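Student: Attaching a single structure in structure tokens format; questions to follow.
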Amino acid sequence: MQDDPNLWREIVGARAPEVWAGIMAGMIYVYVKSPHPTWTMRVFEAIISGLIAYATSDWAAERVGVPLPVAAALLAACGYLILDVVRSLIADRQILKDIIVKRLGGKNG
């Protein structure tokens, strides 16, 4: 990948300051609500939530009909829920196996 000195300016400039404030608010919420005892895992989880909000807030705001900063804040905060559900599914392999079997049309039992 070519080293572009303006890459960060383009990334930050792609969203309005209000949207960044919404993303940061959601990330702070995720950091505070995270069940992890170590701060590094909490930061990692907050960053993932922020990236989810950054990537999907335009689509969600248009789809739902809410202002972009509101969509960004809600998606960043709900990123915690998404991560929690995925973590729960991975932790319980039997449920994950049952879901995959049902989706593929197999019988569960």
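The values are calculated or read from the model by the stated rules, or taken from the named source; none is laboratory data. Note that the coordinates shown come from a computational prediction; the quantities given were computed from them, not determined experimentally. Neighbour counts are summed over all protein chains in view; Cβ atoms, including those assigned to glycine, are modelled from backbone coordinates with ideal geometry.
Student: Of all residues in the range 30-48, which are modelled with pLDDT of 90 or more, of a type outside the set (A, V, I, L, M, F, W, C) and in a helix (DSSP H, G or I)?
Tutor: Selection gives Y31, T40, R42.
Student: Let me ask you something else. Is it the case that the range 58-76 has a residue that's within 13 Å of the chain's Cα centre (by Cα) and without any contact (Cβ under 8 Å) to a residue 12 or more places away in the chain?
Tutor: Our first condition is that a residue be within 13 Å of the chain's Cα centre (by Cα); within the range 58-76, this holds for 60, 71-76.
From the residues that got through so far, the ones that are without any contact (Cβ under 8 Å) to a residue 12 or more places away in the chain too are none.
Among the residues of the range 58-76, not one is within 13 Å of the chain's Cα centre (by Cα) and without any contact (Cβ under 8 Å) to a residue 12 or more places away in the chain, which makes the answer no.
Student: If you check R15, R9, which single one turns out to be exposed (fewer than 11 other Cβ atoms within 10 Å of the Cβ), of a type outside the set (D, E) and at pLDDT below 90?
Tutor: Numbers: R15 fails: exposed (fewer than 11 other Cβ atoms within 10 Å of the Cβ).
So the residue among R15, R9 that is exposed (fewer than 11 other Cβ atoms within 10 Å of the Cβ), of a type outside the set (D, E) and at pLDDT below 90 is R9.
Student: Taking the criterion of being within 15 Å of C78 (Cα to Cα) and among the aromatic types (F, W, Y), would at least one residue in the range 6-28 satisfy it?
Tutor: Taking the range 6-28 and keeping what is within 15 Å of C78 (Cα to Cα), we get 22-28.
Now restrict to residues that are among the aromatic types (F, W, Y): none.
No, because not a single residue in the range 6-28 is within 15 Å of C78 (Cα to Cα) and among the aromatic types (F, W, Y).
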